[in-house]
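What follows is a single structure, and I will ask about it in a moment.
The values are calculated or read from the model by the stated rules, or taken from the named source; none is laboratory data. Since we're looking at a predicted model, the values are computed, not measured. Cβ atoms come from the backbone with ideal geometry, glycine included; neighbour counts cover every protein chain shown. Heavy atoms of the whole protein, side chains included, go into the accessibility calculation; ligands, DNA and RNA do not. Shrake-Rupley method; radii C 1.70, N 1.55, O 1.52, S 1.80 Å.
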Amino acid sequence: MSLARTRNRRGMAATLTLLMAAALGAAGAGASNAGAAAPQTRQIASSVLGTDYKITLTALRSTQDEYAASLRLQVYTQTGGAWKESDRVTVGDVDGWFWYPLTGSGAVCQFSTASTEPAPLTVSLLLTPSLGCSEPTHFVIKQGRVYAG
């Protein structure tokens with residue numbers, strides 16, 4: 001085989017390798033962008049108050065900072081035999097929590113409520129293992145809506 005032919009084959013192989021790498025990189029970028037569309041979520045606490053209310057706390061991982069999270073409090077009421085969301089609020093600041101402590105073991109320091117109308121609700125969560133728990137945040141649920149308590 002001639003030297004020119006060998007160089008030509010090597011050049012084609014290198015070009016094909018670069019094209020494959022570019023195609024795989026573009027496919028990987030598309031996959032990571034698709035995952036960024038919906039934030040990762042994890043329910044960390046819930047309570048059902050008879051047939052009146054269902055309350056959930058859900059951590060939402062930040063799409064901007066992999067270590068940050070927001071916390072969503074949702075209230076559901078019974079409608080036609082099914083739970084329907086009646087209100088939702090963000091607890092604390094958007095992306096104001098740390099994802100790993102918020103979703104790890106021992107994340108819920110206090111989550112208490114009572115089956116009264118209005119229903120009191122207190123939430124305290126782990127900031128970090130070294131900082132400990134957040135100050136309790138108080139809410140009141142009245143007719144399916146969340147109010148600062």
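Which whole-number value in Å² is the accessible area per residue of the stretch 96-149, probe 1.4 Å? Could you put the intermediate results ahead of the total?
Numbers: 3010 Å² over 54 residues.
Heavy-atom SASA per residue in the stretch 96-149 reads 56 Å².
Just to confirm the filter: which trypsin sites (Lys or Arg not before Pro) across the stretch 49-78 are DSSP coil and have at most 10 other Cβ within 10 angstrom of their Cβ?
Values: sites: Lys54, Arg61, Arg72; in loops: none.
Counting only loop positions with at most 10 other Cβ atoms within 10 Å, none of the trypsin sites (Lys or Arg not before Pro) in the stretch 49-78 qualifies.
Shifting gears a bit: For the stretch 39-107, give the magnitude of the charge dipole about the Cα centre (Cβ charges: +1 Lys/Arg, -1 Asp/Glu; no others), in debye to the nearest 20.
Numbers: 6 positive and 7 negative charges, 48 e Å.
So the dipole magnitude of the stretch 39-107 works out to roughly 240 debye.
In the stretch 46-99, what is the volume of the convex hull around the alpha carbon atoms, normalised per residue and reported in Å³?
Each residue corresponds to 75 Å³ of Cα convex hull volume.
Heavy atoms only, probe 1.4 Å: what % of the accessible area of the stretch 40-90 goes to carbon and sulfur, would you let me know?
On the way: 1050 of 2650 Å².
On the stretch 40-90, the fraction of accessible area on carbon and sulfur atoms equals 40 percent.
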